[in-house]
């Protein structure tokens, strides 16, 4: 009985806080961005864990990004860090700074969407083909009023 309780407790441990994800028009698989937190503190050198979550041929399977995916498409660069938060830019689009921080006890990414500070939920990438992006949509919730915001960016 004690062993079952121990196993149950292990399965109930909090998973890394999901910050946002990238979905693509190519398939249902998503790229997940989770906060790297230990004992309530953000890992300031490597604040985000990025990985694939399969929703198609192997539903539920998660895989690490390979080096090329991190370098060219889905990675990030830390611009500044301190006071338990970090500012990063995405490899594929470095014109927006994403701030990883805590709000109301939850880890979030804040970014400007339509000129408003928003909690980023998703980036949606519409492609013309496997290597050509038609547009990217930033989707989030405005901090000031809770309104859902979407902004389309064309490359």
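Nothing in this text is a laboratory measurement; each read-out follows from the coordinates by a stated rule. What you see is a predicted model, and the numbers here were worked out from it, not measured in a lab. Positions of Cβ are backbone-derived with ideal geometry, glycine not excepted, and every protein chain shown enters the neighbour counts.
General observations
- Panel values: the chain, Kirkwood radius from alpha carbon pairs, Stokes-Einstein at 25 °C and 0.890 mPa s, translational diffusion coefficient 146 µm²/s.
- Largest-first principal axis extents, alpha carbons of region 101-152, Å: 40, 19, 13
- Principal-axis tilt of helix 2-11 within the chain, Cα atoms, nearest 10 degrees: 10
- Region 13-112, relative contact order [Cα under 8 Å, separation at least 6], %: 19
- Look at 113, 153, 30 and count the other Cβ atoms within 10 Å of each Cβ; fewest to most, that gives 153, 30, 113.
- Expressed to the nearest 5 percent, the antiparallel share of DSSP beta bridges inside the chain is 95 percent.
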